[in-house]
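Only the coordinates and a few stated rules stand behind these numbers; no lab work does. This structure is a prediction, so every number in the text was calculated from the model and none was measured. Every residue, glycine as well, gets a Cβ built from its backbone with ideal geometry; the counts of neighbours run over all protein chains shown.
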Amino acid sequence: MIAQPLTVLDHHYQELKDDGKDVIKGLSQTPKTLSPKYFYDDPGSLLFEKICELPEYYPTRTEAWILNQYADEIAAITNCCELIELGSGSSTKTQALLTAYQKIADSCRYLPIDVSGGILKTSVLQLQEKYPDINIHGLLGTYEQALVHLESNYLQSRMLFFLGSSLGNFNPEECDSFLTQVARTLQPGDFFLLGIDLQKPKDILEAAYNDSQGVTAAFNLNMLSHLNWRFQGDFDISLFKHQAIYNGVDNRIEMHLHCQRSHWVNLAALDLKVSFEAGESILTEISRKFDLATMEKQLQSKGLNTVKTWTDGKGWFGLILCQV
C-alpha cells in the first residue's frame, strides 16, 4: 500500500498563498514587479518542465549531466542521510541521486518540497513506485515554511539540496538571508548541495530565455493567467509581450512582460485597479549568473564549507557540495 504522498506545511497554506499582499505591493510601485512564485500554478509547472527540454535551455541538461556523472561520488562522500530537496518540481534530475543512495543503503528517506501541489503529488506517487525501498514523502509549501518546519523536525543526518540554478532568482539580500536560514536548518556534519548557473556569453544566456518555440514566453505570460483565476483578475494576455534580456552589470537575466497598449487591470479579490502605460513592463524574474569561487566564499561565511565542486566540460554550470 502506497503511503499518503503529501504533508501541507501550514493548514492555512491556501489562505496564505492567496493573500496577494506582494501582488499589491509589486504592481503599485515603479517599475512594476511580480514574484516568480506566481509562475508555479499547475499549468506553469508543466510549462517549466517543457522549458527544461528545449534545445536552447542548457541549465537543466547540463546539471543533469553533472548529477549523472557524479551522483555515486556524492553518495559515497555523504553516506546514508536524509535527502531534502527544495523546489523539487518533477524530481527528474533527482533520480540520479536516489539511484545512487539506493545502492549504498537498505533504506533511505527523501523529502521533496514544492509549492505546486499537483506536480508534487504526481511525482511523489511515481517515485514511490520506482523506489519502493526509499521512504518518499512530499512537503507542500514555500522554502521559508519548509526550512522552519525542518528546524523543528530533526530525524537524522541530512543533505539539503537546492538544484536547478534557483538561487539565481534571489537578489543579493534575499540570497544572503536564504543561505543563513539553510545553515540554521542544518547541524554539524550535515551537507548542502547547491546548483548554480555560471557566467557565460550574453548570446547563449539570452537564447536560453527567448526560445524559438515560444515556450518561455507562454510560461511568462501564464503568470497573468494565474493572477486572473487566483485574484479574480481581468488581465488581457494579448496586451503583453515576453522579453528576456541580459544585464551585464549585475550578471543576471531579467524577464519582463511588456505592455503593448495603455489600459487598466482590475484584480477584484484584492480590491486593486492598476494602470498600465504602453511600453511599461513588469519584471517577473531575475536569474543571476555566478562565479564559482565567489559563491564558495559566501557559503563559507555561513559555516557551509566546500567539500567538493563539479562542473561540466564547458564550465557552464556548477555543483557545490558543502558541509557544516
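Data table
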| read-out | value |
| --- | --- |
| Pairs of Cα atoms farther than 19 Å apart, region 149-201, % | 34 percent |
| Cα-based helix-to-principal-axis angle, 42-51 vs the chain, degrees rounded to 10 | 70 degrees |
| Highest-fluctuation residue, Asp190, Asp250, Asp176 considered, GNM on the chain with Cα pairs under 10 Å | Asp250 |
| Reference-scaled alpha-carbon Rg (2.2 N^0.38 Å with N residues) for region 14-149 | 1.20 |
| Estimated dipole of the chain in Debye, rounded to 20 [Cβ of Lys and Arg +1, of Asp and Glu -1, Cα centre] | 280 debye |
| Sites excluded, trypsin sites (Lys or Arg not before Pro) in DSSP loops with at most 15 other C-beta within 10 Å, longest stretch of the chain | 1-260 |
| 20 Å-binned pair-distance histogram of the chain (Cα, whole percent) | 31, 59, 10, 0 |
| Top positive-direction residue, dipole computed over the chain with Cβ charges, set Thr92, Leu319, Pro172 | Leu319 |
| Amide H contacts of Phe170 (H built 1.01 Å from N, under 5 Å, at least 5 apart or other chain) | Arg288 |
| Residue of Ala208, Ala146, Ala278 that the Gaussian network model of the chain assigns the largest fluctuation, springs spanning Cα pairs under 10 Å | Ala278 |
| Exposed-site-free run, longest, the chain (rule: GluC sites (Glu not before Pro); DSSP loop; at most 14 other C-beta within 10 Å) | 54-276 |
| Region 163-233 - Rg and Dmax from Cα coordinates, angstrom | 17.1, 48 |
| Per DSSP, loop chymotrypsin sites (Phe, Trp or Tyr not before Pro) in region 109-168 with at most 15 further Cβ within 10 Å | Tyr154 |
| Too-long pairs where the Cα-Cα distance tops 20 Å, listed order kept, from Lys289/Lys314; Lys50/Lys93; Lys50/Lys308 | Lys50/Lys308 |
